């Protein structure tokens, strides 16, 4: 009996693009990202029958493993994902190879090159390769140089280079890194990954805006009064203190994921659905973006750090008490900013971005608040009629809600707000792919649409340069405000909006 | 000699010289101009209707091989003028026979094989070979050759070039000499496709030749008698040959629209209680409808039981694993404005019964236009919960569909189609017995 849990008529109906034969080389294969995200994403692609039979995955790291050890280690790490699909894993693991490589040792790269040539022969991958730099950001530049020196990036049609975030620490370092990377490979070969762009719901913003006629005419300063973009986590720093202490919320989330959501929300319609057309528009928006008060940037940003919280049975440590965190750390775990986009569409519309750890809910959303009606004809059941809002939920419970006023039942003519709801779950009933599934496939398909171009990265860093300079040079002007764990950030962040008579949405 | 950057006038050459000419063409000091490393495409391009209309002076030449709106309009007028039924399709044999009578002997310019939709040319085929059979049964082989480089407004890289060969002549001369020329022109290291852009009934010896030569075939089972089309599918299946059928490709809207209805999980139980399905088709050519019902039955795990055919419809019965029966009907409807593709699905009605109370049951209707939906609503369907959707039957051109196959397919048969073919053949064989 066919199951009604999935839609049997949907099975096999999607026509996914075919990934061409190639070898994917992962540097940093012994690291967390490889077994947490990359190999699971590749296994998922295999289960979806999107991996060609002529394929190879070569893990590279300094550890002296061999092919079998790599396969075994991945099998252990992916125990849950493999459960029930052991046969498929056995087949998939035939694609896995391992080569011990230290990117700083040129002879290792020579050996790797030989190994890749051998794999080309056994797997019939035609010298077509994607290199994934899942290594410490400190090694991005030297890694690219090493690949270039070994001749592995010479053919722009047959080699691609994927680079993880963070891409630089600030505007000047990002510019410098871009220069080095672009001296090793053509821009068309470089795929700077931002896994938020791999999320179905972020891509849906483009479809919602540009595949419908009703939104675009009102998607501007004439109708929208403000935009709020939120990405909140319930977890603390966990075991990432080493990285997070030198990064903080600005570098970890705001400059990349949040700013990419801003770009997708605010960009102009591209002329064509082509990678460069889309990336041009995103870059233009970021170049037109600025902090709300550039002269006194501290007025445009609130930084926070979580303190203790929880309850008697479940006490939560404050950030400074976490393992690996300095007891006087001034790293922000929360940041909220107010940004203006200086163009015809958005002039005067504030964009409020906030992100933080140890907030009450894990969620990502974009809220577009529309302007108030010019005349209030009807009394509201609450004090004032609520403004219309379009809420795009990035995660969880992916979907969209539109809030508007209707007549409240009864003999009077009072208005009250109601919600119109779209939910991915209710409409499609199947989970969407992890961002890495989409992005890995796109990189191997040489489709750069969902990857950030050099000018986008630089514009995003430039936008926050006044804040970074304050944090580095006069940190007292941008103080860290403490907030209790599992609350919506420091009270000062509310003041950022209340000056404009706006409040953060309480999701 | 370097290839031209734009389409040059094809050069007529004796067929014995073509291979040499092309070899020289690609030997150049500039290594980047060694020709696209993509695929070869052979096209069977009879364009009988256009040839007849041009020869008869009903439309101006040249013959291009593209089914233009003018050709369709003039052919429809001819159908009316000759007193043929309004429902006569544009590749109807009687129509073609009438057109073939009293043809002029004048020579017309024949540009078949020289014009390809940009959707195909931008894929940079390395070699395009067109087999262009002529109406004149006595005409000998003529061969033309040309190099081309599609120019893109977005790419700044060196243009990727290919060549183009046209082999023109009577069907007999194409069989005797044309196939040998094609053999000589094959590029072993590149995948080769054949697009049979005509009826599967014609020139079976040429089609068989290609079928046995390891090409990736693109056919259209809406062109040709159902019997012959299913025999071809059967043979291809049995010999493990990849099948790409444009008639299946055109079903995509219907399959997608039906699947979309059951995407929301709350609607999925409807699928477990289906009792009746009706499929309306334009004209009496049931292959596409068979594909559709076979796909549905395969996905829902039904077994084929029996088939009965009468003048008005074909009744096919399936059985669920639990033993419940499902009755399906394929209903041919005469349409006054038939397309060149016979038997295209125009409506689908699916009834799901969970109780004796009509209002608790569900009726799903997909129609190519609202009139068809209204037709399928009749008979008390509105007493049930009605889910209706209009599925536009505006198709992309065959060239566009072919380009999609060339771009996305790796040459193998889609597993969905493979399963549907097996069931369709089973039903059709039973029907003919």
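The values are calculated or read from the model by the stated rules, or taken from the named source; none is laboratory data. Quick caveat: nothing in here was measured; it's all calculated off a predicted structure. Neighbour counts are summed over all protein chains in view; Cβ atoms, including those assigned to glycine, are modelled from backbone coordinates with ideal geometry.
Test residue A:342 against the criterion of being within 27 Å of the chain's Cα centre (by Cα), modelled with pLDDT under 95 and surrounded by fewer than 19 Cβ atoms within 10 Å (Cβ to Cβ), and give yes or no. For residue A:342, the condition - within 27 Å of the chain's Cα centre (by Cα), modelled with pLDDT under 95 and surrounded by fewer than 19 Cβ atoms within 10 Å (Cβ to Cβ) - is not met.
For residue B:278, the conditions (1) in contact with a strand residue (DSSP E or B) (Cβ under 8 Å, 6 or more places away or on another chain); (2) not in a strand (DSSP E or B) are fulfilled apart from (2).
Against the criterion of being surrounded by fewer than 20 Cβ atoms within 10 Å (Cβ to Cβ), in contact (Cβ under 8 Å) with a residue 60 or more places away in the chain and farther than 20 Å from residue A:164 by Cβ, residue A:126 qualifies. Among the residues of segment B:325-356, what is the count of those that are within 14 Å of chain A (Cβ to nearest Cβ) and surrounded by 14 or more Cβ atoms within 10 Å (Cβ to Cβ)? Adding up the residues that qualify gives 4. Tell me whether segment A:49-57 contains one or more residues that are at pLDDT below 90, within 14 Å of another protein chain (Cβ to nearest Cβ), surrounded by 14 or more Cβ atoms within 10 Å (Cβ to Cβ) and under 25 Å from the mean Cα position of the chain (by Cα). Yes, that holds for at least one residue. Cβ-Cβ distances below 9 Å connect no pair with a first residue in segment B:325-354 that is not assigned by TED's automatic domain parsing to the domain that holds residue B:273, a second residue that is surrounded by 18 or more Cβ atoms within 10 Å (Cβ to Cβ), and a separation of six or more residues or different chains. Can you tell me which residue within segment A:4-21, out of those that are part of a loop (DSSP other than H, G, I, E, B), within 7 Å of chain B (Cβ to nearest Cβ) and at pLDDT 85 or above, is nearest to residue A:50 (Cα to Cα)? It comes out as A:11. Among the conditions (1) surrounded by fewer than 15 Cβ atoms within 10 Å (Cβ to Cβ); (2) touching a helix residue (DSSP H, G or I) at 6+ places or on another chain (Cβ under 6 Å); (3) outside any loop (DSSP other than H, G, I, E, B), residue B:108 misses just one, which is (3). Evaluate segment A:117-127: report whether one residue or more is at pLDDT 90 or above, on the phi < 0 side of the Ramachandran plot and outside any helix (DSSP H, G or I). No, segment A:117-127 contains no residue that is at pLDDT 90 or above, on the phi < 0 side of the Ramachandran plot and outside any helix (DSSP H, G or I). Scan segment A:308-328 for residues that are touching a strand residue (DSSP E or B) at 6+ places or on another chain (Cβ under 7 Å) and part of a loop (DSSP other than H, G, I, E, B) and the total you get is 2. Looking at the structure I just gave you, is residue B:386 modelled with pLDDT under 90, assigned to a strand (DSSP E or B), farther than 17 Å from residue B:252 by Cβ and more than 25 Å from the chain's Cα centre (by Cα)? Yes, satisfied. As an exercise: evaluate residue B:298 against (1) touching a strand residue (DSSP E or B) at 6+ places or on another chain (Cβ under 8 Å); (2) more than 25 Å from residue B:396 (Cα to Cα) and give the number of the one condition it does not meet. The one condition residue B:298 does not meet is (1). For segment A:100-107, the criterion of being on the phi < 0 side of the Ramachandran plot and in a helix (DSSP H, G or I) is met by at least one residue. Scoring residue A:147 on the criteria (1) crowded, with 22+ Cβ neighbours inside 10 Å; (2) in contact (Cβ under 8 Å) with a residue 60 or more places away in the chain; (3) more than 18 Å from the chain's Cα centre (by Cα) leaves a single failure, condition (2). Among the residues of this structure, residue B:359 counts as one that is surrounded by fewer than 20 Cβ atoms within 10 Å (Cβ to Cβ) and either more than 14 Å from every other protein chain (Cβ to nearest Cβ) or part of a loop (DSSP other than H, G, I, E, B) (or both). When residues of segment B:199-215 are filtered for being in a loop (DSSP other than H, G, I, E, B) and surrounded by fewer than 18 Cβ atoms within 10 Å (Cβ to Cβ), how many remain? Going through segment B:199-215 one residue at a time, the tally reaches 5. Only one entry in A:447, A:425, A:455 is over 21 Å from residue A:281 (Cβ atoms) and touching a residue at least 24 places away in the same chain (Cβ under 8 Å), namely A:425. If you scan segment B:397-420, which residues turn out to be in a helix (DSSP H, G or I), more than 15 Å from the chain's Cα centre (by Cα) and within 20 Å of residue B:232 (Cα to Cα)? Listed by number, the residues that qualify are B:415, B:416, B:418, B:419, B:420.
Answer yes if at least one residue in segment B:130-149 is over 30 Å from residue B:36 (Cβ atoms) and not in a loop (DSSP other than H, G, I, E, B), and no otherwise. Looking through segment B:130-149, none of the residues is over 30 Å from residue B:36 (Cβ atoms) and not in a loop (DSSP other than H, G, I, E, B).
For residue B:253, indicate whether it is within 19 Å of the chain's Cα centre (by Cα), crowded, with 16+ Cβ neighbours inside 10 Å, in a helix (DSSP H, G or I) and within 13 Å of chain A (Cβ to nearest Cβ). Yes, satisfied. Determine whether residue B:304 is crowded, with 17+ Cβ neighbours inside 10 Å, out of contact with any strand residue (DSSP E or B) (no Cβ under 7 Å at 6 or more places or on another chain) and either within 13 Å of chain A (Cβ to nearest Cβ) or over 30 Å from residue A:427 (Cβ atoms) (or both). No; evaluated as a whole, the condition is false for this residue. One residue alone among A:355, A:381, A:401 is closer than 19 Å to residue A:223 by Cβ and touching a residue at least 12 places away in the same chain (Cβ under 8 Å), and that residue is A:401. Pairing residues of segment B:262-283 that are facing chain A (nearest Cβ under 7 Å) with residues that are modelled with pLDDT of 95 or more and part of a strand (DSSP E or B), at Cβ distances under 6 Å and at least 6 apart in sequence or on separate chains, gives no pairs at all. Select from segment B:307-324 the residues that are within 14 Å of chain A (Cβ to nearest Cβ) and without any contact (Cβ under 8 Å) to a residue 40 or more places away in the chain and write down the one among them that is surrounded by the most Cβ atoms within 10 Å (Cβ to Cβ). My answer is B:318. Of the residues contained in segment B:229-241, none is found to be part of a strand (DSSP E or B) and either away from chain A (no Cβ under 12 Å) or touching a residue at least 12 places away in the same chain (Cβ under 8 Å) (or both).
Just one residue in the set B:430, B:377 is free of Cβ contacts under 8 Å to residues at least 24 places away in the same chain and touching a strand residue (DSSP E or B) at 6+ places or on another chain (Cβ under 9 Å); that residue is B:377.
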